[in-house]
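All remarks here apply to the structure that follows.
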Amino acid sequence: MTTKRYPLSSQDQMNAITRIHADQQIHLALQFAERVEETRLEKALHLMMLKEPVLGCRFIEEGGKAYWEKRSDLDSLQLSQVIYSTDPQSDLLAYVITPSNPAQDPLVQARIIRSSSADLVCVKVNQVVADGAGAKEIGYLLAETYRSLEANPNLSLSEGKFKKRSQFPVYRTAGLIQTIRHFPKLNRLASGKFTVPFIGKQSSERTFAMRRIEPDDLRSLKTFARSQSVTINDVLLSALYRAMVSLGNPPAGQPLPIQVSIDLRRYVKNTQERAICNLSGALFPAPVLGPADTFELTLSKVSAEMLRFKSNQPGLGSAILVDLVLARGFAKGKELLAKATSGWSGTLNPLLLSNFGVLDAKRLSFGSLHLADAWMYCPIMFGHGLMLGTGTFNDRLTMTIGYCQGTLARQTIEGLLDTIVHELLSVIDREPQLPAVPAQFNILQTA
């Protein structure tokens, strides 16, 4: 029997190459009020891989080329595991930081962390196959399949068609000339400006820090955003900027770039056809900020930058750059990217904001199960990179930063998140109940 092989998109290839800079994993945590039917969840995962053939593949690199290859062991593969826990959050963290190799491990897998009366389910998605929006769609598909199996335990599906994953439908909608016009703007991708106290370059001791904004406070933040005629994402980005200006020692009077992810599915007519794939772009707002700026002034500068991008087909420049890097093949793309990142210095590079957006409670319905809470974890950056991941479920905002304690001290990241939360709550006249930042926490000095 001939092994089925499928092409990787340029973004699939880029995410595979950049695994040297990040663990390229996205996690969806689902807190249920009762126990999941583990056999049904396992079957749902298998049926998902039948319906979306790319999920049942492995990443293959061979002879300087790369492609998807359908796994021959799908029927015998265990995609989920139940562990019994007296400390679910610690066991969740242990799973989230566990590496996954797309050449060997399932591209989608899950762990059921079972306590005395309830289950915490974590879905692990390898970013070589799906970005943040795609990972959300995987969660929705898992919920839909689980519901279907609850109604019909004998449910079976025929193998779905492999869907095209390239960026060309984006260019077709936007127009190739318009796309090329955006390319010069990528000079914003210049080296990061924020200096933090790195303690090394080891991708060891991976961990996460997390903060949450509760529903009442988030609703107040949304009211504030409307009063300023900005988006909640602008407010989050402004809080990140203010924290970094306060703590990250940027040079005065210079533009400060932060990479902000954007979903390119906005350009695709049939969004559902392109739901589970990599189709993300990047914006590079770079306002000039000062330490004496108020939150409102920072917000106005940040919003003006974002509006300028959004008014003229955002994200196209980064999309075409990815295709150009991979135009001569996977091996050459690896070589070009290695040269581009070899000069990264002791400043924070890259600094990213990835907003996963809203997790739709209706689409995350697992039938008779009550989903009490849900949140997502962004990838863990290695070296001198740092990503803030945000997302919302039932009006509760979750912020995560994955990092390596061989690179950054815990107090650095905890202090950064505390400052972001302080900035957010300050605009709604709330006194944040935060632990004091230790006296030795001084992010202004380099290591």
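Worth pointing out:
- Computed over the stretch 168-426, the ratio Rg/Rh where both radii use C-alpha atoms and Rh is Kirkwood: 0.96
- Estimated at 0.36 nm per residue, the fully extended path between E69 and I83 surpasses their Cα-Cα distance by 2.0 nm.
- Segments 82-91, 102-111, 372-381 sorted - mean Cβ within 10 Å per residue, highest first: 372-381, 102-111, 82-91
- Over 32 Å (Cα to Cα) - which of K70/K310; K193/K334; K136/K310; K51/K269 fall in this group: K70/K310
- Dipole of the chain, positive end: most advanced residue of Q81, F59, L107 [Cβ charges, Cα centre]: F59
- Spherically averaged projected area in nm², based on the convex hull that wraps the Cα atoms of the stretch 54-146: 7.1 nm²
- Residues considered: N15, N349, N312. Largest GNM mean-square fluctuation over the chain, using C-alpha springs under 10 Å, is found at N312.
- Within the straight-line cut-off of under 17 Å between alpha carbons, the aspartates and glutamates reachable from K301 are D234, D293, E423, sequence neighbours fewer than 8 places apart in one chain being disregarded.
- Put a plus charge on the Cβ of each Lys and Arg, a minus charge on the Cβ of each Asp and Glu, and nothing anywhere else: the dipole of the stretch 168-426 about its Cα centre is then about 960 debye.
- Diffusion coefficient, µm² s⁻¹, Stokes-Einstein with Kirkwood Rh over alpha-carbon pairs of the chain at 4 °C and 1.567 mPa s: 57 µm²/s
FYI, it's all coordinate maths here, none of it is from the lab. Keep in mind it's a predicted model, so treat the numbers as computed, not measured. Ideal geometry is used to build each Cβ from the backbone, glycine not excepted, and the neighbour counts take in all protein chains shown.
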